[in-house]
């Protein structure tokens, strides 16, 4: 009796707590969709909701868009304020969880993604800390002073190893000793026992134009890296820049077993590929250099191990027998990605801990 | 662990075999009878442990136990009982080899976790929503000390304390089919397919607790018993980072005792 009573009380499930989460699960701006003014899907991040508006839209005179939200069950949302300028509309919201214990700030941005200026140089001078101050994120400012959040990295995934105590501990970090000013420093890192537990024993440093879906980082790592954005102003001719590279000593496979005789190498490349602006499907880690949609690719084939800053200029070559079509470009039909990684096969968790790639002053020369 | 257990079984078998030899039989019997006359009783018990190694109370973030498997946990015990005078009271103590284990699958929601990686250089603090499988199998050598009260010739009840030393411990599990959020329920989210853990080497060697039970003497030499062992300290050190709440082994034993 006593035994049975005890076991019963010990295994008793207490009443379900109210939801503690307060996420925006989906956001819909019907008016923009009806008028076909959106370029690509709405991007919902942990604290941001981004509506990329087509370049022909008149942001300055547009009525303020109404958003319909889907939230975590039981959560509510309040609009705090709106700011507008010639480049965008910014709505500030706070969400509150059902249990009343948590709230979260969101910014809904209605912005354009301007094409790159033809003389734009990616010099990695513009960076800030992410929303919880753990790691750096990089952005670009164009000749008109408009900010574009072009760059993504795997840092958000590395955060879950618990090893990033300062931004410099992350695989993708800034370094003051650039070719000119700051540069990007990519380091292949050990992810410790947590990374190993998830079958990801190393994390290569990477930086790319596109988006990193940290939610997918553990489950489908190849799909977490979404390469490319709709920002090519013309047909690209060359990818140029500066880099230096020191591979790590011990090359390991995805189970962290040493692979004798294999040496790590870095990757720097750019691809231009076909997209449908109303159904933007990015290339990801599984097909970024092999997809049939690639039109042009520029890649350093034998990067070697230059210990000093080394300049490179590599031509874009056509791929899949495709021809660049200016009419397609005018219809937002191409995306371009620039990618750098401290371990070429880092996406498959193969590489050498300690491999370090510095890159700076990247640019694309347009035809 | 298995080896120790088998050795123990062999030792018991050997005792019973040696007890069969003619001359010794009479010697042993004489000794037992004279011991019994002085109020000493020797007992040998075997039982099955069923229970859980669980936090108390169960945190609210645990939404459901999907499955529970008690496993095969045996306890073998040799005890001596001394009766005091002609009254009903006595004292029982001895040595027990017992395994306390279970496997559970639980569903969690915003389960607060803090964990250090094995190198001690990385820490995750977060909220996990998903499934957690835990498997415990601990083998202890235990010394129980119990006060015994004989209600009548057939029934007795006992209560006291026990001290256990962990001979072999296994604490493994996995978190799967869920997601973790950095720091708290508003943090960045990452889906978790499967993360395995093994904290076997971090468990406390010493465990102690309270024990109470009853016994029914069905035949002259055979009694059946049930008791409950409720641990008073957790299986991990209180400052252990990977499991932030105390896990108490709480097990019941059902078995029989051979009374010499």
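Any read-out appearing in this document is the output of simple, stated calculations on the displayed coordinates, not a laboratory observation. Predicted model, so just to flag it, every value in this text is computed and none were measured. FYI the Cβ positions are ideal-geometry reconstructions off the backbone, even for glycines, and counts take in every protein chain you see.
Averaged over residues, the count of other Cβ atoms within 10 Å places the peptides B:248-259, A:253-264 in the sequence B:248-259, A:253-264, highest first.
Test of understanding: ordering B:188, A:70, A:299 by Cβ neighbours within 10 Å, fewest first, what list do you get? Each step should come with its number before you reach the end.
Numbers: B:188 23, A:70 13, A:299 16.
Arranged by neighbour count, lowest to highest, B:188, A:70, A:299 become A:70, A:299, B:188.
If eta is 0.692 mPa s and T is 37 °C, what Stokes-Einstein diffusion coefficient results for region A:14-112, Kirkwood Rh from Cα pairs, in µm²/s? Don't skip to the answer; put the middle values down first.
Working: Rh = 14.2 Å.
Stokes-Einstein gives a translational diffusion coefficient of 231 µm²/s.
Expressed as an acute angle from 0 to 90° and rounded to the nearest 10, what is the orientation of the C-alpha long axis of helix B:22-37 relative to the principal long axis of chain B? Its long axis makes an angle of about 80 degrees.
When A:175, A:23 are sorted by how many other C-beta atoms sit within 10 angstrom of their C-beta, beginning with the fewest, the order is A:175, A:23.
Taking region A:301-340 and a reference point 7 angstrom along Cα→Cβ of residue A:121, the backbone N atoms nearer than 18 Å belong to A:309-314. Label-to-label distance, residue A:82 versus residue A:222, with points set 7 angstrom from Cα along the beta-carbon direction: 4.4 nm. From most to least packed by mean Cβ count within 10 Å, the peptides A:225-234, B:228-237 give A:225-234, B:228-237. Taking a point 7 Å out from the Cα of residue B:42 in the direction of its Cβ, the residues of region B:74-93 whose backbone N falls within less than 17 Å of it are B:77-83, B:92-93. Across peptide B:121-131, the mean count of Cβ atoms from other chains lying within 10 Å of each residue's own Cβ comes to 4.
If r is the Cβ-Cβ distance from residue A:259 to residue A:310 and R0 is 30 Å, what FRET efficiency results, to the nearest 0.05? Can you show the working numbers first?
On the way: r = 26 Å, r/R0 = 0.88.
Result of the calculation: an efficiency of 0.70.
Ordering B:37, A:222, A:357 by the number of other Cβ atoms within 10 Å of each residue's own Cβ, fewest first, gives B:37, A:222, A:357. Residue ranges B:157-163, A:320-326, B:180-186 sort as B:180-186, B:157-163, A:320-326 when ordered by packing (mean number of other C-beta atoms within 10 Å per residue, highest first). Calculated [222 nm] ellipticity per residue, helices only, for the protein assembly as shown: -3000 deg cm²/dmol; basis is -39500 (n - 2.57) per DSSP H run with n ≥ 4, divided by all residues, nearest 500. Across A:112, A:317, A:185, mean-square fluctuation computed from a Gaussian network of chain A (C-alpha pairs under 10 Å connected) peaks at A:317.
What fraction, in whole percent, of alpha-carbon pairs in region A:180-300 exceed 18 Å separation?
Working: 4514 of 7260 pairs.
Looking at region A:180-300, the distances longer than 18 Å represent 62 percent of pairs.
The Cα atoms of region B:42-259 define a convex hull whose projected area, averaged across directions, is 12.8 nm². With only the Cα atoms considered, chain A has a convex hull volume of 174 Å³ per residue.
If R0 is taken as 22 Å, the Cβ-Cβ distance between residue B:239 and residue A:18 corresponds to a FRET efficiency of 0.10. Across peptide B:51-62, the mean count of Cβ atoms from other chains lying within 10 Å of each residue's own Cβ comes to 3.
Here the gap between residue A:132 and residue A:330, fully extended at 0.36 nm per residue and compared with their Cα-Cα distance, gives a gain of 67.5 nm. Any idea what diffusion coefficient the protein assembly as shown gets from Stokes-Einstein, in µm²/s, Kirkwood Rh on alpha carbon pairs, 25 °C, 0.890 mPa s? Roughly 85 µm²/s, to the nearest whole number.
Helix B:2-18 and the longest principal axis of the C-alpha atoms of chain B enclose an angle of approximately 10°.
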